[in-house]
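Peer 1: Mind looking over this structure? Questions follow.
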Amino acid sequence: MKVVNKKLSKWLSLLLMVCVLSTMVPITASAASLSRYEVSIYAGRSFTLTSSTPVKYWKSSNTAIATVNSKGVVTGKGLGTCYIFGVFPNGSKLYCVTTVRSTSASRYITNAQMAVALNMIGAVESGNQVYGKRDYKSFAGPGTNTPGETSSTAGAYQEYGDNLRQLLLRIRKEYPRYFKKYDTAGIAKDLTYAWTSSRPYRVYRGTAKAKAIVNIISAGSGARLIQDIRCRELVDTYLAHARRLGVRNVRAALFLAECEHLGGASSVERVVRRAKDKNDMRELWRSLILDQKDNSSNYQIGDKIFQTRHVACYKWLAYNISANARMR
């Protein structure tokens, strides 16, 4: 009986030692995870990083680009990309790739005027014509919007065909881990060829590929921000086109930008060519609705099917942009 007690006592002592040692094992990065691993923000904006297990301290690889305090609050300071590290008690690390961008994206208009453009285009493309509303998860299959659409369309600003492909390529380039996480249907392979009218990308809403695309373009804040940035860049392209056509008034140029986003460059050139005063939004409107007298197609940008969106944009521009505002 004494022998059994000695053996039992020995095993209990060993078990107790294991328990004590286990409480002394330091937390490793492999046992932890960060709330975010890839983030894109504008200069002056902040976000908070958290860890599933306590960190010893937070550190930025370049404080001129982004700083981080003891609570994990990251603030964008200057343009560029840096790493925000969570350093654990044993010295191991996890990091979040942080890209800081400028809000001054336009060569021709102010930030406030560009915000109006995004609020307007987002509203008529995916926000049910509610100013400032946009749906980053929006997805439409071929032919959903008009019979002539042969490819898929997606995002807050309804990027169509190869523009959607370029959006996905950009997200993959800037957020590779994020892209890989949500690419559950082989989208990366689909990006290897251009999505043209002769080779359209026919993916329909509700399919596995459609769901993967929606997750890729909307599940992360960085991907949603890239949608905004691409729309800013597109608007600047439209404004450059308007300038080449002799338009300098901001209201008129942004009205044409909305039209070009809908129907392309040739449609805008047709509207400008017919207008009595291309720098007067009222005259551009009169020229636009002349499309309704052309019975060769019911899907020109000025036709009745699109009239409610143009009316909404006209009102928003008249309310938010000064009548005399001119592009730089």
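The values are calculated or read from the model by the stated rules, or taken from the named source; none is laboratory data. Just so it is clear, the structure is predicted and the values come from calculations on it, not from any experiment. FYI the Cβ positions are ideal-geometry reconstructions off the backbone, even for glycines, and counts take in every protein chain you see. Accessible surface areas use protein heavy atoms only, side chains included; no ligands, DNA or RNA. Shrake-Rupley method; radii C 1.70, N 1.55, O 1.52, S 1.80 Å.
Peer 1: Against the conditions (1) open to solvent by 70 Å² or more (accessible area, probe 1.4 Å); (2) of a type in the set (S, T, Y); (3) free of Cβ contacts under 8 Å to residues at least 40 places away in the same chain, where does S287 fall short? Just the number, please.
Peer 2: S287 satisfies all of (1) open to solvent by 70 Å² or more (accessible area, probe 1.4 Å); (2) of a type in the set (S, T, Y); (3) free of Cβ contacts under 8 Å to residues at least 40 places away in the same chain except (1).
Peer 1: For the stretch 270-280, state whether one or more residues are open to solvent by 10 Å² or more (accessible area, probe 1.4 Å), closer than 25 Å to Y136 by Cα and either part of a helix (DSSP H, G or I) or without any contact (Cβ under 8 Å) to a residue 60 or more places away in the chain (or both).
Peer 2: Scanning the stretch 270-280 turns up no residue that is open to solvent by 10 Å² or more (accessible area, probe 1.4 Å), closer than 25 Å to Y136 by Cα and either part of a helix (DSSP H, G or I) or without any contact (Cβ under 8 Å) to a residue 60 or more places away in the chain (or both).
Peer 1: Could you list, in sequence order, all residues of the stretch 84-101 that are closer than 14 Å to S51 by Cβ, open to solvent by less than 10 Å² (accessible area, probe 1.4 Å) and not small (G, A, S)?
Peer 2: Across the stretch 84-101, the qualifying residues are I84, V87, F88, C96.
Peer 1: If a residue must be farther than 30 Å from S60 by Cα and either assigned to a strand (DSSP E or B) or in contact with a Gly (Cβ under 8 Å, 6 or more places away or on another chain) (or both), how many such residues does the stretch 90-120 contain?
Peer 2: 1
Peer 1: Among R224, R205, which is the only one that is touching a residue at least 60 places away in the same chain (Cβ under 8 Å), open to solvent by 10 Å² or more (accessible area, probe 1.4 Å), in a helix (DSSP H, G or I) and closer than 21 Å to E125 by Cα?
Peer 2: On inspection, the qualifying residue turns out to be R224.
Peer 1: Then there's this: Could you count how many residues in the stretch 257-266 are open to solvent by 10 Å² or more (accessible area, probe 1.4 Å) and either touching a Ser or Thr at 6+ places or on another chain (Cβ under 9 Å) or in a helix (DSSP H, G or I) (or both)?
Peer 2: Number of matching residues: 6.
Conditions (1) at pLDDT 95 or above; (2) open to solvent by 40 Å² or more (accessible area, probe 1.4 Å); (3) among the hydroxyl-bearing types (S, T, Y), marked per residue:
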| site | (1), (2), (3) |
| --- | --- |
| S197 | no, yes, yes |
| K211 | yes, yes, no |
| R232 | no, no, no |
| A242 | yes, no, no |
| A252 | yes, no, no |
| F255 | yes, no, no |
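Peer 1: Just give me the residues in the stretch 44-66 being assigned to a loop (DSSP other than H, G, I, E, B), among the aliphatic types (A, V, I, L, M) and either in contact (Cβ under 8 Å) with a residue 40 or more places away in the chain or surrounded by 14 or more Cβ atoms within 10 Å (Cβ to Cβ) (or both), in sequence order.
Peer 2: L49, V55, I65
Peer 1: Among the residues of the stretch 67-79, is there at least one that is free of Cβ contacts under 8 Å to residues at least 12 places away in the same chain and assigned to a strand (DSSP E or B)?
Peer 2: Scanning the stretch 67-79 turns up at least one residue that is free of Cβ contacts under 8 Å to residues at least 12 places away in the same chain and assigned to a strand (DSSP E or B).
Peer 1: Could you list, in sequence order, the residues of the stretch 107-136 that are within 20 Å of G222 (Cα to Cα), polar (S, T, N, Q) and touching a residue at least 60 places away in the same chain (Cβ under 8 Å)?
Peer 2: Answer for the stretch 107-136, where residues must be within 20 Å of G222 (Cα to Cα), polar (S, T, N, Q) and touching a residue at least 60 places away in the same chain (Cβ under 8 Å): just N119.
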